[in-house]
Amino acid sequence: MSRRLHMILGRVAQAIPVLFGVVVISFLLTRALPGDPAAYFAGPAADAASIAEIREALGLDKPLFQQFLFYLRDLARGDLGLSLSTGQPVMQDLAMRLPASLELTLVALGLSCLIAIPLGVLAATRPGSWIDHLCRVLVTAGVSMPTFFTGILLIYVFYYLLGLAPAPLGRLDFLYLPPPSVSGFYLIDAALAGDWQAWLGAAKQIVLPAITLALFTLAPIARMTRAAMLSALSADFIRTARAAGLGQGKILYGYALRNALLPVVTTLGMVFSFSLGANVLVEKVFAWPGIGSYAVEALVVSDYAAVQGFVLAMAVLFVLLNLVIDIAYALIDPRIGLS
Amino acid sequence: MTQTRRDFLKTSGTALGAAMLPFLKAIPAQAAGGDAMVAVTGQTINSLDLHRTGTNRASYQVAVNCYDRLVSFGTKEAPGGGLSYDYSVIEPELAESWEISPDGLTMTFKLKPDATFWDGRKVTAEDVKWSFDRAVSVGGFPSVQMKAGGLLRPDQFAALDEETFVITLDRPSKLTLPDLAVPVPFIINAEIAKANTTEDDPWAMEYLHTTPAGSGAYKVAAWQQGQQLVYERNDAWVGGPLPGFKRVVIREVPSPATRRALIERGDVQLSFNIPNKDAAELDALDGVDVYSTPIENCIHCLCPNFNFEPFQDANVRKALAYAIPYEAIFQTAAYGRGAPMWGGPAEITDTAWPRKSPYMTDMAKAKELMAASAYASGFEVPLSISLGLADWMEPTALLLQEAFAQIGIKTEIEKIPGANWRTAALVEKRLPLHLENFGGWLNTPDYYFFWAYKEGHLFNSSNYRNDEIEKLVDDTLHIPMDDPAYAPNVTRMFEIAFDELPRIPLWQPALNVAMNGSSDYEFWFHRQLDVRPITPAGA
């Protein structure tokens, strides 16, 4: 076990140069953006003098290298700077918005797995049957409909026409108070506080955006499960197991699925990371205060600190995610070590 | 359960007000009428202090709703239905009365004796002095706006006694009094602010950024940046009639489609600044009231840049003006919301502004003018638009492109990201042909000309220079509107502007607001939501 811990620490150490590279590149890239934040934030009637004042106040009149050193110094203190577009410290913005995005993405992925994996397994065990076709139709529809369209369609049907869903006003209707922040996940925090009314409110709000995102992420997971199951089911060891007279359930779930899970987990990691950044449109439609729309807004106005903070946070998240996936591999397949 | 929430709120003092009470959970949004209103907007509020560097336009509403100024504007019927502020009437807000010396250089304000800040302390002239000092000292936009009214330095402001505040001007100006009614010179509780200053931050920018301290009609009960702002009525307000709603929730919803569903369902009572298309369609529905108020002193223009050689030829600029398909643009890009700015009379007899230009779509005349110019064989030019304003600029640019091709001007549409637009169009003024939409807060034509037609000024993105205009604007800017020189000067400006065409007027845009379950919306020149006059529907 201590060997495994050692390996994990090794993995984390390997991430440090990666993160430093991300810091340098994000710093240079944001500076390479053609916008002038000082002119933008000086406001509608500013003259050259007031733009210069603001440039000085933001430290943008200093040479690039000096700006970078200041940035590194602040970073070492855990200070990500101040976002100009939201007026808040970037750390505070991320602490508020990252959990919102993570909560939505995780719920959506959970939902997606609940549907996609059984669907993929069923489609693989009965190729060519109606369930295989259903899988294909669902997958094609999910991928081909853009998320903002699915989102607006769901709002139109379930909120506007049927009145079943609550008003799409973000994470929690304004009638409830957000639960005391422990994890930043409303569903967890509300449960911890024992505030079931707020929990129900948060759960109702998350249903439609989670379904929207789940429909989009369904396809890669279901397709990958089906393909991996098909190849696992035609493998020699399954034939041997069948010949040995093992039960269908044991063969399917005990041997085939466990072997098929490896590529599915890899896909899951990829889907997770791209949907975290790519759910901007879902966030916009459902007024979800997530990280994707934050990054886009910050980019549009050349808000350096916010963009850098976002890139860095995502880089850290990716490093962690890869670590988790590697550990998951080792758990699923004992042949894979962590070395 | 409620107890834990309350405890949490009391202990977490960051974005939430410490004394904030839990929301009434039992009242669903649609039944909230009478006490609470929910308004949705696509914009985000990024500060509760207008004077701070980087505070965006949407945040100006906090200065309007939570703070008082010395004076305010009156109310009149708006041209598009509903109400509008009235530039010609100045009304008391924190000041009870004021006197202007005969030479126009000294303004003496008497404060209302019963005016108090939210903490119960009396509003004194010292608070006014501190707040004005702050507005002229912090630099950036607030100081520029103060300068427009001739307010430049702290030594111009003095507190004579507890209730008497005096402004001394370098020269008399008709713009000073109206400039005191714009959102910028708001009165801050100076004692609270001073208690929260630091050596690096003598004006308490950090503190007031998240914690307003004023005397206005509403207090901020909660602010979650990027999500919502909750106003709670200050029942001790003396600045005007007590507002109709006890609590107003401003909720940020970026997607226009979602905002539309919310207002149609009646789950929110007001949707602010809706797209022209939604305004046109919602207007046809029962139950939803739409107000489209033409924005005063604002015109959407096509600007040919004098830096670009062909546009130095007056015939080319006039050819552009005759080639523009005005009606098609107005219907496609604005859905007919706002006011047409073409096809006016040739002779100018009054000082109304914005006004229709004497140009209209006349392709034959445009071709004639092109043939008479030095560029009869045509030329190529990029037509620049801002992606941040693509909703009206893109359809306009496409129609312009098609029309200009007919007179031999080949345009390529250049889309510039919102962040670079200001720098390229206004600061560097390097775009040969572009769309522009300046609107002046102070509603006089000479103020518009000051910003948009004087050489080097920010919104003169065409690099236009005309010696007569320079002199006319300088002569007219500060004289009263009833001065005998005013009307002739202004009409002369109009004549030159329409003849020389550094800006070709397209239409006057409208600010669209939809209401469902609330009424008495009032348009303001600052184009932000003033929640104070709004009342529950049927009240």
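The values are calculated or read from the model by the stated rules, or taken from the named source; none is laboratory data. Every value quoted in this text rests on a predicted model; they were computed, and no experiment measured them. Every residue, glycine among them, receives a Cβ derived from its backbone with ideal geometry; neighbour counts consider all protein chains shown.
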- Which numbered condition trips up residue B:162, out of (1) surrounded by fewer than 15 Cβ atoms within 10 Å (Cβ to Cβ); (2) under 19 Å from residue B:73 (Cα atoms)? (2)
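Suppose we filter region A:69-95 for residues that are part of a loop (DSSP other than H, G, I, E, B) and either over 25 Å from residue A:293 (Cβ atoms) or small (Gly, Ala, Ser) (or both); how many remain?
6
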- A careful count of residues in region A:137-160 that are surrounded by 15 or more Cβ atoms within 10 Å (Cβ to Cβ), in contact (Cβ under 8 Å) with a residue 12 or more places away in the chain and part of a helix (DSSP H, G or I) gives 13
- Item | Residue list for region A:217-226, restricted to those being buried (at least 24 other Cβ atoms within 10 Å of the Cβ) and either within 17 Å of residue A:285 (Cα to Cα) or of a type in the set (Gly, Ala, Ser) (or both) | A:222
- Task: Taking only region A:107-131 into account, find how many residues are within 23 Å of residue A:172 (Cα to Cα) and either in a loop (DSSP other than H, G, I, E, B) or in contact (Cβ under 8 Å) with a residue 60 or more places away in the chain (or both).
- Result: 5
- Message: What are the pairs with Cβ atoms under 7 angstrom where one residue, in region A:53-80, is more than 21 Å from residue A:94 (Cα to Cα) and the other, located anywhere, is among the basic types (Lys, Arg) and at pLDDT below 85? Sequence gap at least six, or different chains.
- Response: A:61/A:55; A:64/A:31
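Among the residues of region B:413-429, write down those that are at negative phi and at pLDDT 90 or above. I'd like the intermediate steps shown before the answer.
The initial filter retains those residues of region B:413-429 that are at negative phi, namely B:413-428.
Of everything in region B:413-429, those that are at negative phi and at pLDDT 90 or above turn out to be B:413, B:414, B:415, B:416, B:425.
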- Query: Just to be sure, is residue B:57 in contact with a Lys or Arg (Cβ under 9 Å, 6 or more places away or on another chain), within 9 Å of another protein chain (Cβ to nearest Cβ) and modelled with pLDDT of 50 or more?
  - Reply: yes
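Looking at A:185, A:174, A:158, A:148 in this structure, which one is away from chain B (no Cβ under 14 Å) and aromatic (Phe, Trp, Tyr)? Walk me through it before giving the result.
Details: A:174 fails: away from chain B (no Cβ under 14 Å); A:158 fails: away from chain B (no Cβ under 14 Å); A:148 fails: away from chain B (no Cβ under 14 Å).
Only one candidate passes the filter, namely A:185.
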- Can you list the strands (runs of 3 or more DSSP E) found entirely within region B:362-453 that contain at least 3 residues being free of Cβ contacts under 8 Å to residues at least 60 places away in the same chain and surrounded by fewer than 22 Cβ atoms within 10 Å (Cβ to Cβ)? B:409-416
- Given (1) surrounded by 18 or more Cβ atoms within 10 Å (Cβ to Cβ); (2) in contact with an Asp or Glu (Cβ under 8 Å, 6 or more places away or on another chain); (3) not in a strand (DSSP E or B), residue B:274 misses just (2)
- Query: Within region B:103-153, which residues are within 14 Å of chain A (Cβ to nearest Cβ), surrounded by fewer than 19 Cβ atoms within 10 Å (Cβ to Cβ) and over 20 Å from residue B:451 (Cα atoms)?
  - Reply: B:137
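Within region B:207-227, how many residues turn out to be assigned to a helix (DSSP H, G or I) and either more than 14 Å from chain A (Cβ to nearest Cβ) or under 25 Å from the mean Cα position of the chain (by Cα) (or both)? Explain how you work it out, then say what you get.
Of the residues in region B:207-227, the ones assigned to a helix (DSSP H, G or I) are B:207-210.
Add one more test, that the residue is either more than 14 Å from chain A (Cβ to nearest Cβ) or under 25 Å from the mean Cα position of the chain (by Cα) (or both), and what stays is B:208-210.
The qualifying residues number 3.
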- Item | Hits in region B:214-238 (condition: over 23 Å from residue A:177 (Cα atoms) and either among the hydroxyl-bearing types (Ser, Thr, Tyr) or surrounded by 23 or more Cβ atoms within 10 Å (Cβ to Cβ) (or both)) | B:214, B:215, B:216, B:217
- Test residue A:267 against the stated conditions and say whether it is more than 14 Å from chain B (Cβ to nearest Cβ) and under 19 Å from the mean Cα position of the chain (by Cα). yes
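Out of curiosity, is residue A:271 modelled with pLDDT of 85 or more and buried (at least 17 other Cβ atoms within 10 Å of the Cβ)? Reasoning before the result, please.
Details: modelled with pLDDT of 85 or more: yes; buried (at least 17 other Cβ atoms within 10 Å of the Cβ): yes.
So residue A:271 passes the test.
Among the residues of region A:305-326, is any within 14 Å of chain B (Cβ to nearest Cβ), within 13 Å of the chain's Cα centre (by Cα) and in contact (Cβ under 8 Å) with a residue 24 or more places away in the chain? Lay out the reasoning, then the answer.
Keep residues of region A:305-326 that are within 14 Å of chain B (Cβ to nearest Cβ), which gives A:305-307, A:310.
Next, only the ones that are within 13 Å of the chain's Cα centre (by Cα) stay: A:310.
Now drop any that are not in contact (Cβ under 8 Å) with a residue 24 or more places away in the chain, which leaves A:310.
Yes, region A:305-326 contains a residue that is within 14 Å of chain B (Cβ to nearest Cβ), within 13 Å of the chain's Cα centre (by Cα) and in contact (Cβ under 8 Å) with a residue 24 or more places away in the chain.
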- Task: Would you check which residues across region B:101-119 are part of a strand (DSSP E or B) and modelled with pLDDT under 95 and list them?
- Result: none
- Residues located in region B:467-510, provided they are under 17 Å from residue B:345 (Cα atoms) and in contact with a His (Cβ under 7 Å, 6 or more places away or on another chain): B:506, B:507
- Note on the structure: With criteria (1) assigned to a helix (DSSP H, G or I); (2) on the phi > 0 side of the Ramachandran plot, residue A:224 comes up short on (2)
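Conditions (1) assigned by TED's automatic domain parsing to the domain that holds residue B:92; (2) in contact with a strand residue (DSSP E or B) (Cβ under 9 Å, 6 or more places away or on another chain); (3) part of a strand (DSSP E or B); (4) not basic (Lys, Arg), marked per residue:
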position: B:193; (1), (2), (3), (4): yes, no, no, yes
position: B:203; (1), (2), (3), (4): yes, no, no, yes
position: B:229; (1), (2), (3), (4): yes, yes, yes, yes
position: B:232; (1), (2), (3), (4): yes, yes, yes, yes
position: B:241; (1), (2), (3), (4): yes, no, no, yes
position: B:248; (1), (2), (3), (4): yes, yes, yes, yes
position: B:251; (1), (2), (3), (4): yes, yes, yes, no
